[in-house]
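Accompanying notes for the structure given below.
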Amino acid sequence: MIVTDDVSKQRILTAIADPYSRMILRTITHDTKSALELSKECGIPVTTMYRRIEELLNAGLIVQAKASRTKDGKWFELYRTLVKNINITAEHGLIAIAISLDNVPDRLIRTSPSHSNLRTEPFAQTA
């Protein structure tokens, strides 16, 4: 998908410029993890982790894959990235961002509020 609006482009660029956000993306490429698991595994303070997760959700780079409850009844979410590849090009002062998504069930993309925030177009088909 091609990101077409400037707000979405800025969110993506800001997110991937941050070392914590890149670490989170690497960590949840193949597995779903909760914010607390990510915090412990990445060595990122919990409050910072929740802020970065919110930024990544708003940028459309991660999704809430599942919500569940602990044994004592507390709700938590599991997150995963659907991004396989991000291609950013800059030419003549214009920035183009193309995102390839991993092979993940469509229901995760359609039900994710983060992906509904993105204004995108499909990749152009070439002959």
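Taking amide H as placed 1.01 Å from N in the peptide plane, S34 has its amide H under 5 Å from the amide H of Y79, each at least 5 places away in sequence or on another chain. Note that segment 39-54 has calculated 3J(HN,Hα) couplings of 4, 5, 5, 8, x, 10, x, 4, 5, 5, 4, 5, 5, 5, 4, 4 Hz, one per residue in order, obtained from phi through the Karplus relation 6.51 cos²θ - 1.76 cosθ + 1.60 (θ = phi - 60°); glycine and proline are x. Label-to-label distance for W75 and R51 is 2.4 nm, based on points extended 7 Å past Cα in the beta-carbon direction.
3J(HN,Hα) couplings calculated from phi for segment 92-102 with the Karplus curve 6.51 cos²θ - 1.76 cosθ + 1.60 (θ = phi - 60°) are, in sequence order, 6, x, 9, 9, 10, 10, 10, 10, 9, 9, 5 Hz; Gly and Pro show x.
Relative contact order of segment 2-121, taken over Cα pairs closer than 8 Å and 6 or more residues apart, is 33 percent. Dividing the convex hull volume of the alpha carbon atoms of segment 6-54 by its residue count gives 72 Å³ per residue.
Shape analysis of segment 2-121 yields a ratio of the Cα radius of gyration to the Kirkwood radius, Rg/Rh, of 0.98.
Short-range pairs are left out: with C-alpha atoms under 8 Å and at least six residues apart, the relative contact order of segment 31-84 is 38 percent.
By the count of other C-beta atoms within 10 Å, a proxy for reagent exposure, E91, E77 are ordered fewest to most as E91, E77. Here are some pairs, K9/K74; K9/K84; K40/K74; K33/K71; which of them have Cα atoms lying more than 24 Å apart in this structure? As for pairs spanning more than 24 Å Cα to Cα, those are K9/K74. Seen from I62, the other residues with C-beta closer than 11 Å to its C-beta sum to a net charge of 0, counting Lys and Arg as +1 and Asp and Glu as -1.
All of the numbers you see were taken from the coordinates with simple rules; none came from a lab. Here the structure is a predicted model, which is why all the values come from computation and not from measurement. Ideal geometry is used to build each Cβ from the backbone, glycine not excepted, and the neighbour counts take in all protein chains shown.
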